[in-house]
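Peer 1: This is the structure, below, for whatever I ask next.
The values are calculated or read from the model by the stated rules, or taken from the named source; none is laboratory data. A quick note: this is a predicted structure, and the numbers were derived from the prediction, not measured. For neighbour counting, all protein chains shown are included, and Cβ atoms are generated from backbone atoms with ideal geometry for every residue, glycine included. These accessible areas exclude ligands, DNA and RNA; they are computed on the full protein's heavy atoms, side chains included. Shrake-Rupley method; radii C 1.70, N 1.55, O 1.52, S 1.80 Å.
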Amino acid sequence: MIDHATVERIKDAANIVEVVSEFVTLRRSGANYKGLCPFHDEKTPSFYVSPARGMCHCFGCGKGGNPVGFIMEHEQMTYPEALRWLANKYHIEIHERELSDDEKREQSERESMFIVNEWAMKYFQEKMQDDPDGIAIGMQYFRSRGFRDDIIRKFQLGYDLQDRHALAAEALRKGYKEEFILKTGICYKNDRGELIDRYAGRVIFPWIGISGKVVGFGGRLLDSRTKGVNQKYVNSPDSEIYHKDRELYGLYQAKKAIAKEDRVYMVEGYTDVISMHQCGIENVVANSGTALSVHQIHILHRFTSNITLLYDGDAAGIHAAMRGTDMLLSEGMNLKVLLLPDGDDPDSFSKKHSASDFRKYIEEHQTDFIQFKTDLLLKNERDPLKRSEAINSIIRSISFVLNPILRDTYIHDCSVRMGLNEATLINTLNGFIRNNREDMTSEQARAVQQQQNVQTTRPVMQQVTPLQQASKVERMLVELIIRNGDTVIYDNVESEDGTTMSLNIAQYIDYNLGVDGLKFANPLFVKILAEAVAHSSDKAFNTEQFFIHHEDIDISRIATDLCVDKYRMLDEQKKNAGEEPKNADEMRVEEENRIDGLRQQTEHLLNDFRMDYLEQHLKDLQAQIAQAVGDADKLKQLMEEYKTTHELRSKLARLLGNNIIA
């Protein structure tokens, strides 16, 4: 774990303009910079960078943040990974906290395995580039597949010589321990105790993990040797750093394009991925012939909720398209399927078409999975029993769809297409939904139930941010704390013990909520207020800068979202152009007016917050009163509390200028 002092050094060193410029061409716009957004396609720049505030924001898609948040979003990294990326850029040595002995041993073993894999990948590359056999066999194979040199380098492809002892001998000579040569799986021991190269005589496809480290390898026998061979491909065995059901081939190379395009294409093989990249379509990954796992789906969900399965149209392709699809639907993926024509697979099809033609073909021919399954199972089927089985299979797939509106649409379409009563299909659907819930753990069932009960037209699995969940008043109070929480609005106020004190906005809000026994609904907002109060006595404390660059990335994102519209990244030089400079008296009056406005705004929002609480409490009491029929004592107590609360609400309404009769 990176120690706190190092984290602060990294954040202090990170210049938002320098960081963003690694990925975006920026042009100065007054005091700020602007460029084309790296997170979505646009022709007119809407991505602004403010060096003064150390933040960036796109007014088209809303993405941005401080330097750490930008790297996390753009490179799809975790918080520690983004910190390490910035530390490397600014040549800052990482100081980790003291680890336990077990943590040190585990970390050391994992790092050792990554180091061995990194060396092995370079070994395979060198043999293919420099060794006569590597050039004649390995490089010739990739050339025969039509791969360009830049694509070979991009996927770091290689070749392993046929000598089954050469790799181990070279690794030991270089000082790598036998323990890790075995643990990574690049070698195994035979009955005589000799280290045997697992991939000898094969072309090599390295598996690059999402963070850029080599986690494993796939080795393919060359075409002349594959006839009658069961194992055309050999993959690394499971290890501490590689689990095939947790990795997706090509994800490291594709993650930026997936996030930008908001869609991922799923294919079966290594060469499908590579050929599509060479064609110009980069948002593509492969599951390498295995059914998708929940973990792999969750990884993809970090980038997009939209997935298109691209397979050839033969029996094997159809079978591949059918595998794991219910799981994709149950995990909230927006699933489409495209079977390529005339025996083509993505590899061969991409070689015949440009990227634009390929994308156009996909857009015109991809179909949602339910329609695909309906066409496949019911096409020309006349047998009543088989039709019944097919319809049940289709309805079962629909039962995994989380969006209730989308489920209803599918059911209606199926009713029309199949000529069946919609009520019958709904009853069948409800039966499958009940069975699905019984098959899940109680925790999973609750999560699915919550998602299925959401009556909304927003895209499936779109993440709801804390700001979107918050009430308008709560959002405005938190915005006030972040933007102006350090501003003193009551000076020299006399306390109960006779002493005088000053209260800034954060302290005043905290005091009032505490007196009323109220607090924010969202724990992040509670934390923001508590930290604003705790740091109020710090010299030169600025709430806006503190929260924009907060170590909790979720708080940083909230602060960025709340602050960005205030400034709108305007060209401040142009905005102030032509204005006469203000004298001291004018500046003093302007500041007094600003503070007076903030004071009134704070008091009004606090009263609005109290009103929201009283309104909700009255609704809760009404529900409790309805349930207390038959319990005279409890009913009397609730009625008295309702009367008192109603009176408080009326008083507060008069204060706010509202006319409440009910």
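Peer 1: If a residue has to be part of a loop (DSSP other than H, G, I, E, B) and either at positive phi or not basic (Lys, Arg) (or both) to count, how many in region 343-392 make the cut?
Peer 2: Here the count works out to 9.
Peer 1: Considering region 529-554 alone, what residues qualify as being part of a helix (DSSP H, G or I) and within 23 Å of the chain's Cα centre (by Cα)?
Peer 2: Residues satisfying the conditions are Phe547, Ile548, Ile553, Asp554.
Peer 1: Report the residue count in region 160-212 for those that are part of a strand (DSSP E or B) and open to solvent by 40 Å² or more (accessible area, probe 1.4 Å).
Peer 2: The qualifying residues number 2.
Peer 1: Next up: Look through Leu340, Leu329, Leu248 and report the one residue that is open to solvent by less than 30 Å² (accessible area, probe 1.4 Å), in contact with a helix residue (DSSP H, G or I) (Cβ under 9 Å, 6 or more places away or on another chain) and under 25 Å from Met72 (Cβ atoms).
Peer 2: Leu248
Peer 1: Now for a different question. Among the residues of region 114-143 satisfying the criterion of being more than 28 Å from Leu172 (Cα to Cα) and in contact (Cβ under 8 Å) with a residue 24 or more places away in the chain, which is surrounded by the most Cβ atoms within 10 Å (Cβ to Cβ)?
Peer 2: Across region 114-143, the extreme among qualifying residues is Phe142.
Peer 1: Take the residues in region 494-533 that are closer than 14 Å to Ile595 by Cβ and in contact with a Leu (Cβ under 9 Å, 6 or more places away or on another chain), then tell me which one is modelled with the highest pLDDT.
Peer 2: The qualifying residue modelled with the highest pLDDT is Ile505.
Peer 1: Sticking with this one: Could you please give the count of residues in region 63-89 that are among the charged types (D, E, K, R) and open to solvent by less than 10 Å² (accessible area, probe 1.4 Å)?
Peer 2: Qualifying residue count for the region: 0.
Peer 1: State whether the residues of region 311-334 include one that is more than 25 Å from Arg220 (Cα to Cα) and assigned to a strand (DSSP E or B).
Peer 2: Looking for residues that are more than 25 Å from Arg220 (Cα to Cα) and assigned to a strand (DSSP E or B), one finds at least one in region 311-334, hence yes.
Peer 1: Shifting gears a bit: I'd like the full set of residues that are in contact with a Lys or Arg (Cβ under 8 Å, 6 or more places away or on another chain) and assigned to a helix (DSSP H, G or I), limited to region 275-289.
Peer 2: Ser275, His277, Gln278, Cys279
For every residue, the table says whether it meets (1) of a type in the set (Phe, Trp, Tyr); (2) more than 21 Å from Ala390 (Cα to Cα).
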position	(1), (2)
Asn306	no, yes
Tyr311	yes, yes
Gly324	no, no
Lys360	no, yes
Asp368	no, no
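Peer 1: Separate question: Would you point out which residue out of Gly158, Gly209 is of a type in the set (Gly, Ala, Ser) and modelled with pLDDT under 95?
Peer 2: Exactly one residue qualifies, and that residue is Gly209.
Peer 1: Counting just the residues of region 1-40 that are among the aromatic types (Phe, Trp, Tyr) and assigned to a loop (DSSP other than H, G, I, E, B), which one comes out nearest to the chain's Cα centre (by Cα)?
Peer 2: Phe39
Peer 1: Gly597 is checked against (1) farther than 25 Å from Pro523 by Cα; (2) at pLDDT 85 or above; (3) open to solvent by 40 Å² or more (accessible area, probe 1.4 Å) and fails just one. What number does that condition carry?
Peer 2: (3)
Peer 1: Still on this model: Can you tell me which residue within region 357-385, out of those that are open to solvent by 50 Å² or more (accessible area, probe 1.4 Å) and in contact (Cβ under 8 Å) with a residue 24 or more places away in the chain, is farthest from Arg323 (Cα to Cα)?
Peer 2: Among them, the one singled out is Arg359.
Peer 1: Return the residues of region 226-246 that are touching a Gly at 6+ places or on another chain (Cβ under 7 Å), modelled with pLDDT under 90 and within 19 Å of Val294 (Cα to Cα); say none if nothing qualifies.
Peer 2: none
Peer 1: Quick one: Leu292 ticks every box in (1) part of a helix (DSSP H, G or I); (2) open to solvent by 10 Å² or more (accessible area, probe 1.4 Å); (3) within 19 Å of Leu402 (Cα to Cα); (4) of a type outside the set (Lys, Arg) except a single one, so which number is it?
Peer 2: Just one mismatch for Leu292, condition (1).
Peer 1: Of the conditions (1) free of Cβ contacts under 8 Å to residues at least 40 places away in the same chain; (2) surrounded by 19 or more Cβ atoms within 10 Å (Cβ to Cβ); (3) more than 30 Å from Ala82 (Cβ to Cβ), Gly219 satisfies every one except a single condition; which number is it?
Peer 2: If we test Gly219 against (1) free of Cβ contacts under 8 Å to residues at least 40 places away in the same chain; (2) surrounded by 19 or more Cβ atoms within 10 Å (Cβ to Cβ); (3) more than 30 Å from Ala82 (Cβ to Cβ), just (1) comes out false.
Peer 1: Another one. Could you list all residues from region 45-62 that are open to solvent by less than 20 Å² (accessible area, probe 1.4 Å) and out of contact with any Phe, Trp or Tyr (no Cβ under 7 Å at 6 or more places or on another chain)?
Peer 2: Phe47, Gly54, Met55
Peer 1: Shifting gears a bit: Considering every residue within region 133-154, establish whether at least one is over 30 Å from Ser348 (Cβ atoms), part of a helix (DSSP H, G or I) and of a type outside the set (D, E, K, R).
Peer 2: Within region 133-154, not a single residue is over 30 Å from Ser348 (Cβ atoms), part of a helix (DSSP H, G or I) and of a type outside the set (D, E, K, R).
Peer 1: Residue pairs, Cβ under 9 Å, 6 or more apart or interchain, first in region 19-48 and closer than 15 Å to Met72 by Cα and touching a residue at least 60 places away in the same chain (Cβ under 8 Å), second assigned to a loop (DSSP other than H, G, I, E, B) and hydrophobic (A, V, I, L, M, F, W, C). List them.
Peer 2: Taking only residues 6 or more apart or on different chains, the pairs are Pro38/Phe23; Pro38/Val24; Phe39/Cys61.
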